[in-house]
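Below is one structure, written out as structure tokens; the observations come after it.
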Amino acid sequence: MNLTGLAPLKTLSVIAGIGALVFSTAMPAQAHLVRAYHGDDYASIGADHRWVEVCDIERDGNGVYASFTVRGTTGPQKVGDPNGSAAGCGNRVFSGEVLGFSLCEDVSGNNNCVNKNH
Ligand SMILES: [Ca+2]
Ligand SMILES: [Ca+2]
């Protein structure tokens, strides 16, 4: 019986296990509770009810923003995607619970919105 041949495989599976652990512990920050789409554009509320993101995915020259309703604040809290359809989204962490939002495509004279509550 030759066990030495199994050692490299076992080492590989341990490394893969560590990788999976790191990956899974990194996930909660990205986990979203609610997400709404406007075409391919979307906005999300994080599982902590505080973190939000607004993402302009359509390369159509139209910006995207969302007006969030936040407990303890007056009026909508507007968050956009600062670099438009380039990689990366707009993010913000509110101090109060985010109750919902209206996601809008910023088309001149005709902003088209979808509403989402949670
Ligand atoms: Ca766009
Ligand atoms: Ca962007």
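Just so you know, all these numbers are worked out from the coordinates, no wet-lab data involved. Values in this document were obtained by computation on a predicted structure and should not be read as measured data. Cβ atoms come from the backbone with ideal geometry, glycine included; neighbour counts cover every protein chain shown.
Would it be correct to say that Ile45 is in a loop (DSSP other than H, G, I, E, B) and surrounded by 15 or more Cβ atoms within 10 Å (Cβ to Cβ)? Show your work before the answer.
Numbers: in a loop (DSSP other than H, G, I, E, B): no; surrounded by 15 or more Cβ atoms within 10 Å (Cβ to Cβ): yes.
So Ile45 does not fit the description; no.
In segment 48-75, which residues are away from ligand 2 (no atom under 12 Å from the Cβ) and in a strand (DSSP E or B)? Break it down stepwise before answering.
Taking segment 48-75 as the starting set, the residues that turn out to be away from ligand 2 (no atom under 12 Å from the Cβ) are 48-52, 60-62, 66-75.
Hits for segment 48-75 are Trp51, Val52, Ala66, Ser67, Phe68, Thr69, Val70.
Output the number of residues of segment 60-82 satisfying the condition of being within 11 Å of ligand 1 (Cβ to nearest atom) and farther than 18 Å from Gly46 by Cα.
5
Results for (1) within 16 Å of Val107 (Cβ to Cβ); (2) over 12 Å from the mean Cα position of the chain (by Cα); (3) of a type in the set (Val, Ile, Thr), shown as yes or no for each residue.
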site	(1), (2), (3)
Ala47	no, no, no
Cys55	no, no, no
Asn62	yes, yes, no
Ala66	yes, yes, no
Thr74	no, yes, yes
Gly80	yes, yes, no
Gly88	no, no, no
